[in-house]
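**Q** Okay, here's the structure, questions in a sec.
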Amino acid sequence: MPVRSIPLSHSSVTGRLASRPNQPALAFESSLERDFAILHLFDPTVESVEEQPVRIDYTAPTGRKTHYTPDFLVVYRSGGPSARLVEVKYKAELDRKALRYAARFEAARQYAAARGWTFEVVTETAIRTPWLENARFLLQYRHRPADPGRCRRLLDALNAITTAAAGDLLRSAFTTLSEQQLGLPCLWHLVATGRITADLDCPLTMNTVLQMA
């Protein structure tokens, strides 16, 4: 459970983001935090994401006892790193407040290391990429029911030709325009669930090359 709740605010972007099935919605208090959460909810190597996960007590440079709560704890599936504490900040703010943040970030690194985790500060440079736009687009299809018959036709068609542009695959699997339109959500569902692969570092279009997973 979060150790600190995020209140609704009229002066900043706050809200809750639908998480995975059977997991609570994630709270965020900036659009950058929201975008970070979207990326990691889409990441298949991630087991869970928790906001405001731990309170870290530390001593400020002035000698005052204080505490700090990182933005997220990302827990990974087996085979990858165990967990990562994350602070999400705009680069300009990091540069402007580097001295102010140094002690709290060092305390977070030590806290994480003692538990076999890592600590990382992530900025918009790593978050706001084509991958984010693709994750935002595909997440809506990941848990949406898709017609099994249409999915099978798409998979059979792709299996027969190995690789194909998205538009070509639709035309190969479905002969009429109306069938292709009905098949399109199924195609994105297959990409969102990893049964069909695409280069998600580039924007998704009808020209995106698809392959069997």
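The values are calculated or read from the model by the stated rules, or taken from the named source; none is laboratory data. Predicted model, so just to flag it, every value in this text is computed and none were measured. Here Cβ is always computed from backbone atoms with ideal geometry, including for glycine, and neighbour counts include all displayed protein chains. The protein model used for the area step is the full one, side chains on, heavy atoms only, and it has no ligands, DNA or RNA in it. Shrake-Rupley method; radii C 1.70, N 1.55, O 1.52, S 1.80 Å.
**Q** Return the distance in nm (one decimal) between the two label points of a simple spin-label model at T125 and A102, each offset 7 Å from Cα along Cα→Cβ.
**A** 2.0 nm
**Q** List the trypsin sites (Lys or Arg not before Pro) in segment 48-102 that DSSP assigns to loop (not H, G, I, E or B) and whose Cβ has at most 15 other Cβ atoms within 10 Å. Which are they?
**A** When the trypsin sites (Lys or Arg not before Pro) of segment 48-102 are filtered for loop state and at most 15 Cβ neighbours within 10 Å, R55, R64, R77, K97 remain.
**Q** What is the calculated FRET efficiency for T163 to E47, with r their C-beta to C-beta distance and R₀ = 22 Å, to the nearest 0.05?
**A** 0.10
**Q** Once you charge only the Cβ atoms, +1 for Lys and Arg and -1 for Asp and Glu, what is the size of the charge dipole of the chain about its Cα centre, to the nearest 20 debye?
**A** On the way: 26 positive and 22 negative charges, 103 e Å.
Its charge dipole is roughly 500 debye.
**Q** Counting DSSP beta bridges in the chain, what percent are antiparallel, to the nearest 5?
**A** Details: 21 of 26 bridges.
The antiparallel fraction comes to roughly 80 percent.
**Q** What accessible area per residue, rounded to a whole number of Å², is obtained for the chain using a probe radius of 1.4 Å?
**A** Ligands and nucleic acids excluded, the figure is 55 Å² per residue.
**Q** Ignoring any ligand, DNA or RNA, what whole percent of the accessible area of the chain comes from carbon and sulfur when the probe is 1.4 angstrom?
**A** 54 percent
**Q** Let me ask something additional. Per DSSP H run of at least 4 residues, take -39500 (n - 2.57); add these up for the chain, divide by its residues and hand me the 222 nm value, nearest 500 deg cm²/dmol. Write out the running numbers ahead of the final one.
**A** Values: 8 runs with 90 residues, N = 213.
About -13000 deg cm²/dmol.
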